[in-house]
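Here's the structure we're looking at; comments come further down.
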């Protein structure tokens, strides 16, 4: 069953968080289902998108009938901690990233009941390609393929869309009864067919290489959003004191101290982004270091849970150095959320919503480059069969 061509396409969003996929698709798509287990994130979702289609709770206990409806797209941005550099390398065996299996059970029930969505999208960190020597990524691809889908992937860094370094892997799958002939490149050629992704596929089994879809796409236009554009004029974070600034400068690694000195010499206001990280000293002892960058790109936003530091924004002009934690609004802007998006009032909650989310303009790009052409092809197939 599929939705009517006269209606807006319909999507379901799993691990929906604050609804960033909804933010990207909501104007031209209809949300049929959103699901997340986190009460705080669900409250944010309701505040921004209402509660009509939101189901709060564990995906493992979600009623299978929820997916027994015509859907054009099922999206999942499942927890990534067990694939990330900050994780323990447990991959799909980890408690958090292992919820992939519960999502697959939901999809499997829907397919068997005759409600196979036209498109499946799965987003996660690029560490999925390296954890367990790539076996986890192969398992993801094979699991989706086994449901009757032609599967491919793109590796996209958010810096193409917003001033944030945030590489992510996007698995895109099209139902096999829909022709994908005009949607695929004969060989990897797009900007998001990265060298890392090419190496992975080339090293995979002959069967996987033969079935892998190199989805055709064009490079996005250069992002018009720069670091000054994300600066919050009324931040909800306090400015550091002179003593805190001195301490921060003392924590600088040598390369970062050099960057501060270079920024001072320009005489202009320079905006830097800083993370505190544990680094080994000359004796092998782990010490906290402050590492700053002035390349106009923020580091990857991460959830503040589990000991990860929150990002600091630094302003340098001559001998003046000012700094504070990144504000909630700045985190929202770095994710490409609309200005009217309502973040939680509690700072750590707002940072978590951003750090666990998907960059909105990337989803819009995927819609324009892949989802919309795929649905057009599906409609043409339906007309031909009729």
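Where does helix 135-145 land angle-wise versus the long Cα axis of the chain, in degrees 0 to 90, nearest 10?
The angle comes out at about 40 degrees.
Please arrange 260, 245 by counting, for each residue, the other beta carbons lying within 10 Å of its beta carbon, fewest first.
Ascending Cβ contact count within 10 Å gives the list 245, 260.
Going by C-beta contacts inside 10 Å, put 45, 101 in order with the fewest on the left.
101, 45
Between the helical axis of 39-49 and the dominant principal axis of the chain, each derived from Cα atoms, what acute angle in degrees is found, rounded to the nearest 10?
So the helix axis and the longest Cα principal axis differ by about 70 degrees.
For a footprinting-style exposure proxy, rank 285, 209, 176 by other Cβ within 10 Å, fewest first.
Starting with the residue having the fewest Cβ neighbours, the order is 285, 209, 176.
Tell me, what are the semi-axes, in whole angstrom and largest first, of the equivalent ellipsoid of segment 237-326 as set by the roots of 5 times the Cα gyration tensor eigenvalues?
Here the semi-axes work out to 21, 16, 13 Å.
In degrees, nearest 10, range 0 to 90: what is the angle between the Cα axis of helix 372-385 and the longest Cα principal axis of the chain?
It works out to around 0 degrees.
Test of understanding: in a Gaussian network model of the chain with alpha carbons linked when under 10 Å, which of 121, 43, 204 would top the mean-square fluctuation ranking?
Highest fluctuation among the options: 204.
Calculated FRET efficiency, residue 246 and residue 132, Cβ-Cβ r, R0 51 Å, to nearest 0.05?
Result of the calculation: an efficiency of 0.70.
Under 4 °C and 1.567 mPa s, how fast does the chain diffuse according to Stokes-Einstein, given a Kirkwood radius computed over C-alpha pairs? Answer in µm²/s, whole number.
It comes out at roughly 58 µm²/s.
In percent, how large is the relative contact order of segment 237-326, given Cα pairs closer than 8 Å and 6 or more residues apart?
Taking the mean separation of contacting Cα pairs over the length of segment 237-326, I get 36 percent.
When the chain is fully extended, how far beyond the present Cα-Cα distance does residue 253 get from residue 283, taking 0.36 nm per residue of separation?
Stretched out fully, the residue 253 to residue 283 stretch lengthens by 9.3 nm.
Between 362, 120, 286, where does the largest GNM mean-square fluctuation fall for the chain, given springs only between Cα atoms within less than 10 Å?
So, out of 362, 120, 286, the one fluctuating most is 286.
Please report the relative contact order for the chain, taking Cα pairs under 8 Å with a sequence separation of at least 6, and give it as a percent rounded to a whole number.
So the answer I get is 16 percent.
How large is the helix-only mean residue ellipticity at 222 nm for the chain, computed as the sum of -39500 (n - 2.57) over DSSP H runs with n ≥ 4, divided by its residue count, in deg cm²/dmol to the nearest 500?
-9000 deg cm²/dmol
Read-outs: derived from the displayed coordinates by stated rules, not from any lab. Remember, predicted model here, so these are calculated numbers, not experimental data. FYI the Cβ positions are ideal-geometry reconstructions off the backbone, even for glycines, and counts take in every protein chain you see.
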